[in-house]
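The values are calculated or read from the model by the stated rules, or taken from the named source; none is laboratory data. All values reported here derive from a predicted model rather than from experimental measurement. Note: ideal-geometry Cβ built from the backbone for every residue, glycine included; neighbour counts use all protein chains shown. To get the accessible areas, we keep the full protein, side chains included, count just its heavy atoms, and leave off ligands, DNA and RNA. Shrake-Rupley method; radii C 1.70, N 1.55, O 1.52, S 1.80 Å.
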Amino acid sequence: MLHLKVCGMRTPQNIAEVLSIEPDYLGLIFFEKSARYVGEGFELPTQLKGVTPKKVGVFVNHSLEYIAAKVKRYQLALAQLHGDETPAFCQQLKNALPDLQLVKVFRVSDDFDFTSLTPYKPYCDFFLFDTKGKDYGGNGIVFNWDILKGYDNELPLFMSGGLSLENLQDLQSFITTHQLNVHAIDVNSKFETTPALKDVSKLKALKRLMT
């Protein structure tokens with residue numbers, strides 16, 4: 001069963017609307033240069049103070065202290081590391097916050113070297129594959145899924161990169177055909193009306209396709 005992560009949320013009303021479709025994960029972006037940055041004054045909406053869905057903090061080359069503070073303030077269950085974080089940093093973060101699940105993001109291209117994943121495996125719970133582009137995420141571009149035939153399936157994956165209503169069924173078929181260890185799909189820009197504002201009707205259609 002594929003799980004669903006909706007990333008790049010910010011406004012309380014839109015969050016409440018998105019929660020009606022019962023995503024498994026909700027992503028909050030703490031990268032200041034992102035168009036979907038929650039902002040310093042962001043307060044956790046009442047609906048998000050429970051345990052469902054799991055809250056994911058998205059970080060880009062932030063310090064351990066910064067991540068730990070956001071984890072505590074926003075009750076994050078996962079940290080998605082979208083920058084150039086090293087295996088040593090992942091180890092330090094895991095040692096400091098052992099209950100926090102780590103998702104290390106890799107921006108992939110046709111010549112991606114899967115051996116680069118090996119040093120991260122002891123400290124990460126998931127990998128996330130996104131399209132290599134000019135930004136750290138939210139580029140809305142699909143990468144060549146064929147490269148995933150080179151993945152060893154050791155850690156479960158979050159799949160990202162231009163996922164939409166038009167290509168979801170193709171992705172599901174690809175995952176099944178190649179028996180890929182995909183835990184969740186991660187959607188963002190293709191399900192927005194403007195940055196950080198999700199189109200709930202599209203998300204409802206997505207959920208129907210996933211069932």
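Provide a single number: the residues in region 187-206 that are modelled with pLDDT under 95 and among the basic types (Lys, Arg).
1
Quick test of your reading of the structure: Ile175 fulfils all but one of (1) touching a Leu at 6+ places or on another chain (Cβ under 6 Å); (2) among the hydrophobic types (A, V, I, L, M, F, W, C); (3) open to solvent by less than 50 Å² (accessible area, probe 1.4 Å); (4) farther than 21 Å from Tyr120 by Cα. Name the failing condition by number.
(1)
I'm checking my understanding of the structure. Among residues of region 143-157 that are of a type in the set (D, E, K, R) and either assigned to a loop (DSSP other than H, G, I, E, B) or farther than 13 Å from Phe112 by Cβ (or both), which one is most open to solvent (accessible area, probe 1.4 Å)?
Step one: filter region 143-157 for residues of a type in the set (D, E, K, R), giving 146, 149, 152, 154.
This time we only want the ones that are either assigned to a loop (DSSP other than H, G, I, E, B) or farther than 13 Å from Phe112 by Cβ (or both), so: 152, 154.
Working: Asp152: 86, Glu154: 114 Å².
Here the answer is Glu154.
If we only count helices (runs of 4 or more DSSP H) wholly inside region 1-101, which ones have 3 or more residues that are loosely packed, with under 15 Cβ neighbours inside 10 Å and at pLDDT 95 or above? Spell out the reasoning first.
On the way: elements: 12-19, 64-74, 87-96.
By residue number, 64-74, 87-96.
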